[in-house]
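**Q** This structure is in structure tokens; I'll ask about it shortly.
The values are calculated or read from the model by the stated rules, or taken from the named source; none is laboratory data. Quick caveat: nothing in here was measured; it's all calculated off a predicted structure. When we count neighbours, we look across all protein chains shown, and the Cβ atoms used for this are built from the backbone with ideal geometry, even at glycine. Ligands, DNA and RNA are stripped out before the accessible areas are found, and what is left, the full protein with its side chains, is counted by its heavy atoms. Shrake-Rupley method; radii C 1.70, N 1.55, O 1.52, S 1.80 Å.
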Amino acid sequence: MTGGASHQLERTLAATLYWGTWLASSAVAVGMTLALLESRTLGETTIRRDTRITTVGIAMFVLLPIVRVAVMLFAFLRDRDYRFAVIAGLVLTITLLGLLVGLHV
Amino acid sequence: MDGWFALWLFATSVVASAVGGMLGMASGIFIVPILTLFGHVGIRTAIAASLVSVIACSCAGATPFLRGRLTNVRLAIVLETATSLGALSGVLLIGIIPARVLFFLFAAILLLSAWQMLANRGDPLSHKAEGSDRRRMLRLNSSYPDAELGRDVPYRVQRLQLGLMLMYGAGLVSAILGIGSGVLKVPAMDTALRLPIKVSSATSNFMIGVTGAVSAGAYLIHGDIVSEIAGPVALGSVIGAVAGARILIRIPKDKVRVLFAIVLATLAAEMLLQASGIRLLEGAR
């Protein structure tokens, strides 16, 4: 059975994911709205709409789980739960390797 | 035209995700066929967009499960070593697999899901604790509050190695097809690890964000994620998932299950036709 320290971790993770989702969703919503308004005012002549804010929101969504693993890593280190810190570190490393593969493939 | 397409993507994702959420499925399994068959989006672009929506749904849905103490975060991080490695392998394979094979694979997963939807899923019987040396060392066994019983129900994690192997496969399929791969996680959670359904739903929802981030991260850096498509799909999926979770209780489940099995099988047939170069459905665009 996991103790009170673990419930604290669950609350921290819940807050991280909750606010992260709000932030990322808002960025995507703002980006989409601006792009839609822009395309309407320019009418037929729009060729390429500015999607930078939307892209930032999407990047936030992709980074959010990675941040979540980092939060877990720090929590395990703080609790001196080194076995789990190593496991979280491993997951974080694999995730970052994914980004590296994206650069080179 | 572009604006309308974005709105269509958004609305479709809201519906797909709400309906998927009602049945405890991720929307990815609907998003990829809808984007490719009706939106005429390339399958790789559809997969990349779907991955973003899978992550978004996982993050949006995790909070109530975590607060309700249903998610086993220790078990999740252990299993994530396998799912993320699977996803990394998938990323390395994606460039090699031809689009036609992707359609075939997707059709197979759709058919499996249809079959699984019809099969009744009950809480696995808890077995007597076998020598739980490693599980005890990792402190994976836990308990969850059951609202119906009004008390904490303890459970034990079984057959971790088999669970890890199935999770590797789930991660691989997730990266290649852009789905949450519930179809592989359900057997891993029920048959191998023998978790109570509430714990397994919460824990696999929590895990899929990280699994998706491995492959979506690679797609993002590589420039495969098209913001005009992934943006409305992700936002629509989040809104649909939150809405779907609230309607969960009110509908007669068995009828919906049968209906869904039919929808999944139809999509599978259409994906198979697409793989063979035949097109029956023509979407509006």
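**Q** If you take the residues in the stretch B:72-92 that are of a type in the set (S, T, N, Q) and more than 7 Å from chain A (Cβ to nearest Cβ), which one is surrounded by the fewest Cβ atoms within 10 Å (Cβ to Cβ)?
**A** This residue is B:S89.
**Q** Which residue pairs have Cβ atoms under 6 Å apart, sit 6 or more places apart or on different chains, and have a first residue in the stretch A:84-105 that is in contact (Cβ under 8 Å) with a residue 24 or more places away in the chain and more than 7 Å from every other protein chain (Cβ to nearest Cβ) and a second that is among the basic types (K, R) and crowded, with 17+ Cβ neighbours inside 10 Å?
**A** Cβ pairs passing all conditions: none.
**Q** Moving to a separate point now. Filter the helices (runs of 4 or more DSSP H) completely within the stretch B:142-254 down to those with at least 2 residues that are over 21 Å from B:S17 (Cα atoms) and out of contact with any Leu (no Cβ under 6 Å at 6 or more places or on another chain).
**A** Values: elements: B:160-177, B:182-187, B:197-222, B:227-247.
Once the helices (runs of 4 or more DSSP H) in the stretch B:142-254 are filtered for at least 2 residues that are over 21 Å from B:S17 (Cα atoms) and out of contact with any Leu (no Cβ under 6 Å at 6 or more places or on another chain), what remains is B:160-177, B:197-222.
**Q** Now, a different point. Let me confirm something: among A:A29, A:A70, which residue is at pLDDT 75 or above, open to solvent by less than 60 Å² (accessible area, probe 1.4 Å) and more than 7 Å from every other protein chain (Cβ to nearest Cβ)?
**A** Of the residues listed, the single one that is at pLDDT 75 or above, open to solvent by less than 60 Å² (accessible area, probe 1.4 Å) and more than 7 Å from every other protein chain (Cβ to nearest Cβ) is A:A70.
**Q** Now a separate question. Let me confirm something: among A:L63, A:L37, which residue is surrounded by fewer than 21 Cβ atoms within 10 Å (Cβ to Cβ) and either at pLDDT 95 or above or not in a helix (DSSP H, G or I) (or both)?
**A** Exactly one of A:L63, A:L37 is surrounded by fewer than 21 Cβ atoms within 10 Å (Cβ to Cβ) and either at pLDDT 95 or above or not in a helix (DSSP H, G or I) (or both), namely A:L63.
**Q** Within the stretch B:40-53, is there a residue that is among the polar types (S, T, N, Q), at the interface with another protein chain (Cβ under 10 Å from one of its Cβ atoms) and within 19 Å of A:E10 (Cα to Cα)?
**A** Within the stretch B:40-53 (the criterion being among the polar types (S, T, N, Q), at the interface with another protein chain (Cβ under 10 Å from one of its Cβ atoms) and within 19 Å of A:E10 (Cα to Cα)), the answer is no, since none of the residues qualifies.
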